[in-house]
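Just below is one structure, and these are the notes that go with it.
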Amino acid sequence: MAKYIIVGGVAGGATTAARLRRLDEKAQIVLFERGEHISFANCGLPYHLGGTIVERDMLFVQTPEEFRAVLNVDVRLKTEVVGIDRQKKSVELRDLSSGSMYTESYDKLVLSPGAKPVKPPIPGVNLPGIFTLRDVRDMDALACAVEKPGRKRIVIVGAGYIGLEMTENMHRRGLNVTIVEIADQVINVIDYDMAAQVHRHLKSKHVELYLNDGVAAFSRGDSGLRVTLSSGKVLPADIVLLSIGVKPEISLAEQSGLEIGQFGGFRVDEYMQTSDSNIYALGDAVEVLQPVIDRRLAIPLAGPANKQGRIVADNIVFGNRRKYSGSIGTAIAKVFDLDVATTGVSEEVLKRENIPYLASITDSSSHAGYYPDALPLTIKILFSPDDGRLLGAQVVGYDGVDKRIDLIAACLGKGGSVYDLEELEHAYAPPFSSAKDPVNVAGFVADNILSGIMRIIHWHELESLDHENLFLLDVRTPGEYRLGTIEGAVNIPHTELRDRLHEIPADKKVVVFCHVGYRAYIAYRILHQSGYDDVRNLSGGYKTYELATGEQGNEGLFEHEFIDRDDVICQAAETVAAVSPGQG
Ligand code: FAD
């Protein structure tokens, strides 16, 4: 009878244990988890804190009792694996309740210890009131802090997916939320021009956003925590959440001499086997292939961890047969009403890796415009200039974002190109999509770019153009033009263009734009076929230009807000409020 030991009882560990049992009824399977729970929904933690998932128990996808009863897995909670003796094929264990130590032998060992939140050595980082969020214990501690009367201000340091999910959920709980992000944008896996939509949305929700500023120190004053930023600005806070990212939990690799990869995760091969053939590893703790850039990276996402669990179990039981082909990093987050999703890699990564690429931004409706409640949806795709192979995509919108990113990810993951996007067949009826889905449209536009039917320019390239020899043509309506345009642009609506061509100099570069790019494309084709041969369409149109070039943060939003004696957030200078009760 084989004996399998599994370290870590959540996404990767629990999946592996379950599949192992289904494949091998006779094996002895022991699962060690140092926490108090197995198989809980980490991804649901922010939503319980915000009150969307009302019942705490709903987070426990399976209890240890169910696991034992259904799968006959020996689950040992509050038990930490502290060492591996690879020669003896045994693990050393600490029972965290009693403190006692013991060992267990194994035939095959599976490591799914996850990742731990990054906690940089900032002065004061360990003060009470400063939290990270990884597990149920963290969630309970945060819930306790949020519920204390008078807790109204939270500073969230780091604006990745978890930071933004927590922003929404803390806002939902009535807290004033300030985000501090050291980069110039939120969600660094998407591009700046797409993140700009998120910035605007956060500001519309009365979230305070500090970009390009990091935390220099935390301290405690009479009225709570003080967060001192690198810029010198000091933010008051009742609660601080650090959501700066995670790093693989590899203490067991270090202790036992298992190989560690370039980015600090367990090194595993395509079978998810570590440098020891009796030990497999998976999940957030390992580095896996990112096929777009052909590099092994830590990609801490639940989907890959679960899929790897199945592969690990199969390879343990049947021998190394199933390969893990890697992860293209498909992810999504809800940020208030906006959904933000990505797959593949961003422009920044492509630049860093010296991979040539083209980018295109298209805007469509989430479903047929004539059917009620169609909402704008922006797709950015990155693709190879040689053969149109997809390298990355980002989708931002209010409806149907998940469907579009999944379609593109399915295509990209199989090495697909923009030509495949054009042909993707989707289910269509007016409430769901258009006969040409936004994903098809992204493919059509990319095809036009690659074939030379339309040449484009990006918002960040405008600045460097020779403005003496530039004609900026705004083809929107006069009403739209009056509401705001690019400095120096001349307005000729696209419907009037054929009659007003004489107003456009033939010896200058013409950059034509409309709101999102479609009317400008029509204008482009008129111009091109009328003898203008140096014309560019502004990708993503005025919408992207205006979002990306505008003010991104809203520092100081809460400067004049204070909490009054009734525990209510007021907006005025505090000194004025101090005299107001007497006046009432
Ligand atoms: P984990 O699920 O973290 O499990 C590791 C377990 O191992 C832990 O319970 C730990 O206590 C235990 N352990 C570690 N060392 C030892 C030891 N020495 N002995 C015994 N036990 C040990 N991903 C998404 O794709 N989508 C999302 O929406 C999403 N939202 C998230 C929200 C939050 C708040 C968090 C924290 C994560 C989120 N993730 C999301 C990431 C996702 O949860 C992880 O990618 C996934 O859980 C990784 O699985 P894992 O098995 O590698 O690690």
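Couple of notes before you dig in:
- Ranking ILE84, THR15, GLY35 by Cα position along the charge dipole of segment 1-84, where only Lys, Arg, Asp and Glu carry charges on their C-beta atoms, puts ILE84 farthest toward the positive end.
- A simple packing score, the average count of other Cβ atoms within 10 Å per residue, orders the peptides 415-421, 10-16 as 10-16, 415-421, with the highest score first.
- Charge dipole magnitude, Cβ of K and R +1, D and E -1 - segment 273-313, Cα centre, debye nearest 20: 140
- Projected label points at ASN469 and PHE444, each 7 Å from Cα along the beta carbon direction, are separated by 3.4 nanometres.
- Cα-based shape type of the chain, given that a ≥ b ≥ c are square roots of the gyration tensor eigenvalues and the cut on a/c is 1.5: oblate
- When the charge dipole of the chain is built from unit charges on Cβ atoms (+1 for Lys and Arg, -1 for Asp and Glu) and taken about the Cα centre, the candidate among TYR419, THR274, ALA302 whose Cα reaches farthest toward its positive end is THR274.
- When you filter the GluC sites (Glu not before Pro) in segment 50-119 for DSSP loop state and at most 16 other Cβ atoms inside 10 Å of their Cβ, you are left with GLU55.
- Annotation: peptides 371-377, 291-297, 329-335, ranked by per-residue average of other Cβ atoms within 10 Å with the highest first, follow the order 329-335, 291-297, 371-377.
- VAL246 long-range amide H proximity, modeled H, under 5 Å: VAL118
- All other residues whose Cβ lies under 10 angstrom from that of GLU422 are scored, Lys and Arg at +1 and Asp and Glu at -1, for a net of -2.
- Amide N of segment 499-536 lying under 15 Å from the label point, which is placed 7 angstrom from the Cα of ASN491 along Cα→Cβ: 513-515
- Contact order for the chain, expressed relative to its length and based on alpha carbon pairs under 8 Å spaced 6+ residues apart, stands at 11 percent.
- Put ASP57, ASP402, ASP24 in order of accessible area, highest first, and with a 1.4 Å probe you get ASP57, ASP402, ASP24.
- Two-site FRET efficiency, LYS148 against ASP402, from Cβ-Cβ distance with R₀ of 41 Å, rounded to 0.05: 0.70
- Gyration tensor (alpha-carbon) shape descriptor, segment 273-414, a/c threshold 1.5: prolate
- Charge tally for ARG19 (other residues, Cβ to Cβ under 10 Å; Lys, Arg +1; Asp, Glu -1): +1.
- Each Cα pair under 8 Å and six or more residues apart adds its sequence gap; the mean of these over the residue count of segment 1-128 is a relative contact order of 29 percent.
- About the Cα centre, charge dipole magnitude for the chain (Lys/Arg +1, Asp/Glu -1 at Cβ), debye: 1400
- A simple spin-label model places pseudo-atoms 7 Å from Cα toward Cβ; at ILE355 and THR477 they are separated by 4.2 nm.
- Legend: translational diffusion of segment 422-564 by Stokes-Einstein, Rh = Kirkwood radius over C-alpha pairs, 20 °C, 1.002 mPa s; D = 126 µm²/s.
- Annotation: amide H-H contacts under 5 Å for LEU375 (H modelled 1.01 Å from N, sequence separation of 5 or more, or interchain): SER366, HIS367.
- Using heavy atoms of the protein chains and a probe of 1.4 Å, the accessible area assigned to TYR161 is about 50 Å².
- A crude spin-label estimate for the pair ASP140 and GLU92, with each label 7 Å from Cα along the Cβ direction, gives 2.9 nm.
- For the peptides 183-189, 505-511, 237-243, the ranking by packing is 237-243, 183-189, 505-511, with the highest mean count of neighbouring Cβ atoms within 10 Å listed first.
- Our estimate of slack between GLU551 and LEU127, defined as 0.36 nm per intervening residue step minus the Cα-Cα distance, is 149.3 nm.
- Estimated FRET transfer efficiency when R0 is 30 angstrom, pair GLN262-TYR102 (beta carbons, to 0.05): 0.25
- In this structure, ILE453 and ARG500 have a Cβ-Cβ separation that, at R0 = 25 Å, corresponds to a calculated FRET efficiency of about 0.60.
- DSSP beta bridges in segment 149-305 [antiparallel fraction, %, rounded to 5]: 50
- Beta bridges by DSSP in the chain, antiparallel share as percent, to the nearest 5: 60
- Debye, to nearest 20: dipole size of segment 395-459, +1 on Lys, Arg Cβ, -1 on Asp, Glu Cβ: 180
- In loop segments of segment 381-471 as defined by DSSP, the GluC sites (Glu not before Pro) with at most 13 further C-beta atoms inside 10 Å of their C-beta are GLU425, GLU463.
- Dividing the summed helix terms, -39500 (n - 2.57) for each DSSP H run of n ≥ 4, by the number of residues in the chain produces a 222 nm estimate of -8000 deg cm²/dmol to the nearest 500.
- Amide hydrogen proximity for VAL510: with H placed 1.01 Å from N in the peptide plane, the residues at 5 or more positions away or on another chain lying under 5 Å are PHE471, ASP534, VAL535, ARG536.
- Cβ-based charge dipole, segment 277-397, positive-most Cα from THR330, GLY319, GLY388: GLY319
- Global form of segment 345-493, assessed from the alpha-carbon gyration tensor, a/c cut-off 1.5: oblate
- Qualifying trypsin sites (Lys or Arg not before Pro) for segment 297-330 [loop in DSSP, other Cβ within 10 Å: at most 10]: ARG321
- Pairwise centroid distance, computed over Cα atoms, of segment 67-139 with segment 171-210, Å: 34
The values are calculated or read from the model by the stated rules, or taken from the named source; none is laboratory data. Please read these numbers as outputs of a predicted model, since none were measured by experiment. Cβ atoms come from the backbone with ideal geometry, glycine included; neighbour counts cover every protein chain shown. Heads up: the accessible areas ignore ligands, DNA and RNA and are worked out on the full protein's heavy atoms, side chains in. Shrake-Rupley method; radii C 1.70, N 1.55, O 1.52, S 1.80 Å.
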